[in-house]
Amino acid sequence: MNMPGHFIISLDYELHWGVFDQKSLDSYRSNLDQVDNVVKRLVALSNTYNVKLTFATVGFLFAEDKKDLLKYVPENTPTYDKPQFNPYPIIESIGDNPKQDPYHYALPTLKAIHKEGIHEISSHTFCHYYCHENGQTPDQFKSDLQAAVAIAKSKNMELKSIVFPRNMIEPHESNYLDICYEQGLKSYRGKEKSFIYNIHTTKFYHGWFIFKILRILDAYFNITGANMYDLKSNYSPGKALNLPSSRLLRPFNKTLKAFEFLKLNRIKKGMTKAAKSGKMFHLWWHPHNFGSDIEENFKNLESIFRTYVKLHEDYGFKSQTMSGITEELESSSKSNN
Ligand SMILES: [Zn+2]
């Protein structure tokens, strides 16, 4: 039997730990202030439309308080050539717990999402780890993931998939991907196939300005196609499964307001193609991207969800979490053997 098409949504849930090397807390506080509300609203809206979400969460956010966080800090922390990528020195200056410092902890919200039993709490590494930065090693990455798995486990949450910070992973990097699999993280979000998403050097990640422009244009106009994927051909038993991104849901753009419909149509067309051909469409963003223009962003998302419901009714298009789809493929591969 042919597989139905699948709709995956992953969210990089990180609060200040996702931008600590680029933005000071004060300069980004207003966006971060909204994240908790945004996450709650996202969950409520998704429940209304029967859409499952995967929250790829930075391990630090699972801590009950600073003492709890320090308990899980590995001995073998990343030795980046550029010390600004190392978040560990920041721990000293953060507040003691989620109540005091909602920019660096999120356990109450994680527990609320987990309790629903619908959505997945996934990994975004323990410390927002950068696999393509010079100076760090696969061993340090392993220690990082062990810490992420352990702190989640201590809160009765089992991590089964991963999103790499800044998407720093290539499908051929089996040294990193095998470590994920060994730690129980059996799928990951890879990048879009097109070269405009794959130009990078460690020096200037994601390449030249021209590619940034192309990626923005691609959000509105069809430059790289639908970016949908045949999962069966990606699956290989015993290996971390690549669930590549189809599209970043860019936040509402006031300046390009008149073109928002193009951006949404581009996503909906990709979803429709995936639904009709039994493929996967994977949409992602960060909850803090919804931190300004909240109403407009939720209006956009609701219109995407309405399309999903229609495609579910017409073609059996199915919303799934990252680990949910991985388990589906695992069991269908077992029953075929
Ligand atoms: Zn991130």
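Throughout, read-outs are computed from the coordinates displayed, never taken from laboratory work. Treat the numbers as computed from the prediction; the structure is a model and nothing was measured. A quick note on method: Cβ atoms are made from the backbone with ideal geometry, for glycine too, and the neighbour counts reach across all protein chains shown.
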**OP:** First measure r as the distance between the Cβ atoms of residue 178 and residue 33, then evaluate 1/(1 + (r/R0)^6) with R0 = 45 Å and state the FRET efficiency to the nearest 0.05.
**Re:** 0.70
Original post:
Can you give the FRET efficiency for residue 45 and residue 92, using 1/(1 + (r/R0)^6), R0 = 41 Å, r = Cβ-Cβ distance, to the nearest 0.05?
Top reply: 0.65
Original post:
Using the count of nearby Cβ atoms within 10 Å as a rough guide to exposure, how do 315, 308 rank from fewest to most?
Top reply: 315, 308
Subject >> Amide H within-cut-off set for residue 162, under 5 Å, with H built and near neighbours excluded >> reply: 123, 187, 188, 189
Original post:
Taking one equal scatterer on every alpha-carbon of region 250-311, how large is log10 of I(q)/I(0) by Debye at q = 0.23, 0.24 1/Å?
Top reply: -1.00, -1.06
Subject >> Set of lysines with alpha-carbon distance to residue 115 below 19 Å, sequence-local pairs under 8 removed >> reply: 40, 52, 153, 155, 160
Original post:
Cα to Cα, under 18 Å, and not fewer than 8 places away if on the same chain: which lysines meet these conditions relative to residue 334?
Top reply: 186, 232, 239
Subject >> Cα centroid of region 158-193 to Cα centroid of region 66-130, whole Å >> reply: 19 Å
**OP:** Between residue 195 and residue 253, with labels modelled 7 Å along Cα→Cβ, what's the label distance in nm to one decimal, could you check?
**Re:** 2.3 nm
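Using the number of other C-beta atoms within 10 angstrom as an exposure proxy, rank 33, 101 with the fewest first. List each step's numbers first, then the result.
Numbers: 33 14, 101 17.
Exposure proxy ranking, most exposed first: 33, 101.
Please give the charge dipole size of the chain, origin at the Cα centre, charges +1 on K and R Cβ atoms and -1 on D and E Cβ atoms. Round to the nearest 20 debye. It would help to have the intermediate numbers written out before the result.
Working: 42 positive and 37 negative charges, 251 e Å.
The calculated dipole for the chain is roughly 1200 debye.
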**OP:** Could you pull out every one of the aspartates and glutamates with an alpha carbon less than 18 Å from that of residue 257, ignoring same-chain neighbours closer than 8 positions?
**Re:** 218, 293, 295, 296, 302
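Of the beta bridges DSSP finds with both residues in the chain, what % are antiparallel, to the nearest 5? Could the numbers behind the result be given before it?
Details: 1 of 25 bridges.
For the chain, the DSSP antiparallel bridge percentage is about 5.
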Original post:
Over the chain, what is the relative contact order in whole percent, taking alpha-carbon pairs under 8 Å and six or more residues apart?
Top reply: 27 percent
Original post:
Just 305, 141, 211 to compare: in a GNM of the chain, with alpha carbon springs under 10 Å, which one fluctuates most?
Top reply: 211
Original post:
Using a Gaussian network for the chain with springs between C-alpha atoms less than 10 Å apart, which of these wobbles most: 163, 19, 38?
Top reply: 19
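In region 290-337, which GluC sites (Glu not before Pro) are in a loop and have at most 16 other Cβ atoms within 10 Å, using DSSP for the loop call? Display every interim value, and only then the final one.
On the way: sites: 295, 296, 302, 313, 327, 328, 330; in loops: none.
Listed in order of number, the matching sites amount to none.
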Subject >> Most fluctuating residue given options 179, 325, 91, as computed from a GNM of the chain linking Cα atoms under 10 Å >> reply: 91
Original post:
Where does each of 30, 245, 335 land when they are ranked from fewest to most other beta-carbon atoms within 10 angstrom?
Top reply: 335, 30, 245
